[in-house]
Amino acid sequence: MQKILMLEDDEKLRNELEIFLNNNGYETQSLKKFDNPIQDILTINPDLILLDINLPGADGQYICKEIRKQSNLPIIIITSRDNEIDELLSINYGADHYITKPFNIQILLAKISSLLKRSNMGSNQEKIDCKEFILNIAKNTIEKDQKEIELTRNEFKILKYLAERRNKIVSREEIMEHLWESESFIDDNTLTVNITRLRNKLEELEIKELLVTKRGQGYILI
Amino acid sequence: MKFTEFLKDKMLQIILIIFGLITIEIFLLAYHIGNFIKIYIPSIIIILYSITIIVEYLIKKQFYKNTTNLLNELEDKYLITEIIKTPNFTEGKKLIEILEQTNKSMIEKVNQYKYAQEDYKEYIELWIHEIKIPIATSKMIIENNKNQATKSIDEELNKVENYIEQALYYARSNTVEKDYYIKKSNLKEIVNESILKNKTTLIQEKILINTHDLNINVSTDSKWIVFILNQIIQNSVKYRKKEEQSEIEIYAKKAKENVTLYIKDNGIGIKKGEISRIFEKGFTGTNGRTASKKSTGIGLYLCKKLCDKLGIGIEINSIENKETEVKLIFPNGSHVDIK
């Protein structure tokens, strides 16, 4: 499991964030004291840092700069300072992303996962094995017994999203929000069309029954 | 300054001199002095006195004429003391001294208010940063406890968030100093960010989003533009037609001197007579007064104000019951006229 280190002084926010990240399959750890943050971070050696700028006794931008001198690990700054100058400064100090509070949690999650993917490029999996079929991330295809079917970008995203939440009902709104985040602003009808097409393609591989429609609730990949 | 007015001011002197001349004449008559002297003495006094009066009039007239002209040309009239030439007569010198002193005290007073406002703005900004933390925390709690009730709270929190943003930009829009950062920004990124900000409402209300031709760079502060777009999109959602499929179309056109960003919706539109007033502070219009849509009349007012500060044009066209089109006009190139 990948470890995310949080430097956030608001205890409640930190706890909720930890719950959320744990639910989404990340291990979390927090620094509670900021006397010697740089040393602490390097000892913990996380896969990614979530960093607040206003910390008691320490400055996030300074920490970011110091860490960058010694390590390449991904840093996301989360702050309530909402202006371009702070953002520019943070990026110049080597932060990978700058997110302002209150943040969109799904966007944060997407940024975390894409950063982690990039930093583990070497060992990164190109395929996700879903037992009955294999999702090929590099080629946007779905494979089963030597057969390979190409999916459109949206179809692939939907299937991958469902596969990551296997055996859980996913509402149409949730899928749409997910697609919107990758800047494909589809509407309700387009989603229906996408699902139908996806189902037809699954049928070609004879695994159509995996994708079940729950009337009035959404979809589920069983 | 007319000559007659000037003479009127000198009336006492003139009367005394006439009185003096009469007494001199009486003495001269009493001592039987020759006619030549009788005429010569009063004439020389009258001529010399007239010369001094005319010279004085000309000097003063010149000074006041110059001053009035300068004053008319000046936009900030209080700067007159900085450019005026000190005259060489005492009265003028005294006048300038008085002007300088009143100016000084006025500037001190103005500064007092300026600092007070600055202080207040700083407090508002700080307060906004503080309040964002509990909002972020609340949103996280909602995310970890998803159900109908929390979803509803989330919608309300989004409204709170928007009001807070408005307050922040309102505070920023009122200060004279530079509070923004102009850099090259991509319109597509800006538009996408503002759409994502409203994603939950847009999906829930099943509003079609149609964006195209947005891959254009403009020089501006992208955060401010996201805020402005946010207000415009929220208006489109608020004033949509309930009985029809709502659609928001966003696209840009590049011209020689500028780039125009269009935000078009098929909502209820704005009454023809009201269009000219929509940027006024507190103006709600017929649309904003219907029971279901409480309008504060701040959103578009702020948009206009921020656009003016950034040197961006903003125009709204609308056909009632058909469509509303907002145009944001970005001047081309790195040269931006900043106010």
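Computed from the coordinates by the stated procedures, all read-outs in this text should not be read as laboratory data. In this text the structure is predicted, and so the values were computed from the model without any measurement. Reconstructed Cβ throughout: ideal geometry from the backbone, glycine too, with neighbour counts over all protein chains shown.
Data for the structure
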| quantity | calculated |
| --- | --- |
| Gyration tensor verdict on the stretch A:3-119 (Cα atoms; rounded if a/c is under 1.5, prolate if a/b is larger than b/c, oblate otherwise) | rounded |
| Under the span-like rule (Cα at least 24 Å along the axis, Kyte-Doolittle mean at least -1.0), DSSP H helices of chain A | A:188-204 |
| Cα convex hull volume per residue for the stretch B:115-173 (Å³) | 56 |
| R0 of 41 Å, Cβ-Cβ distance A:Asn189-A:Asp35: FRET efficiency to nearest 0.05 | 0.10 |
| Within 10 Å of each Cβ in B:125-132, the average number of Cβ atoms from other chains | 3 |
| B:Lys104-B:Lys327 pseudo-label distance in nm [points 7 Å out on the Cα-to-Cβ vector] | 5.2 |
| Longest to shortest principal axis, alpha-carbon extents of the stretch B:1-108, angstrom | 69, 23, 20 |
| Under 20 Å from A:Lys168, Cα to Cα: lysines that are on another chain or at least 8 residues apart | A:Lys131, A:Lys157, A:Lys160, A:Lys208, A:Lys214, B:Lys146, B:Lys151 |
| GNM top mover of A:Ile75, A:Ile91, A:Ile186 - chain A, alpha-carbon springs below 10 Å | A:Ile186 |
| Among A:Glu203, A:Glu177, A:Glu18, residue whose mean-square fluctuation peaks in a GNM of chain A (springs only between Cα atoms under 10 Å) | A:Glu203 |
| Magnitude of the charge dipole, the stretch B:3-105, Cβ model with Lys/Arg +1 and Asp/Glu -1, debye to 20 | 280 |
| Sorted peptide list for B:267-278, A:4-15, criterion being average Cβ within 10 angstrom, highest first | A:4-15, B:267-278 |
| Reachable lysines from A:Lys12, criterion Cα separation under 17 angstrom, eight or more residues apart if same chain | A:Lys32, A:Lys33, A:Lys101, B:Lys132, B:Lys139 |
| Gap separating the Cα centres of the stretch B:104-119 and the stretch B:135-179, nearest whole Å | 33 |
| Average partner coverage of A:6-13, which counts Cβ from other chains inside 10 Å | 3 |
| Angle in degrees between helix B:148-173 and the longest Cα principal axis of chain B, rounded to the nearest 10 | 20 |
| Peptide ranges B:91-103, A:46-58 listed from the most packed, as the mean C-beta count within 10 angstrom indicates | A:46-58, B:91-103 |
| Chain B shape via C-alpha gyration tensor axes, a/c threshold 1.5 | prolate |
| Global geometry of the stretch B:96-235, whether rounded, prolate or oblate, following the gyration tensor of its Cα atoms and the 1.5 cut on a/c | oblate |
| Order of B:Tyr115, A:Tyr26 - criterion: other Cβ atoms within 10 Å of each residue's Cβ, fewest first | B:Tyr115, A:Tyr26 |
| Neighbour cut-off at most 11 other Cβ (10 Å), DSSP loop, chymotrypsin sites (Phe, Trp or Tyr not before Pro), the stretch B:1-70 | B:Tyr31 |
| Spatial separation of Cα centroids for the stretch A:172-220 and the stretch A:19-35, in angstrom | 32 |
| Fluctuation leader among B:Asn88, B:Asn287, B:Asn198 - chain B, Gaussian network, Cα springs under 10 angstrom | B:Asn88 |
| Lysines with Cα under 20 Å of B:Lys104, excluding same-chain neighbours fewer than 8 positions away | B:Lys77, B:Lys85, B:Lys93, B:Lys94, B:Lys114 |
| Chain A - charge dipole about Cα centre, Lys and Arg +1 at Cβ, Asp and Glu -1, debye rounded to 20 | 560 |
| Inter-chain shielding of A:82-94 (mean C-beta neighbours from other protein chains, 10 Å cut-off) | 3 |
| Cβ-based exposure ranking for A:Trp180, B:Trp224, in which fewest neighbours within 10 Å come first | A:Trp180, B:Trp224 |
| Sparsely packed trypsin sites (Lys or Arg not before Pro) within the stretch B:45-92, loop by DSSP, other Cβ within 10 Å at most 13 | B:Lys85 |
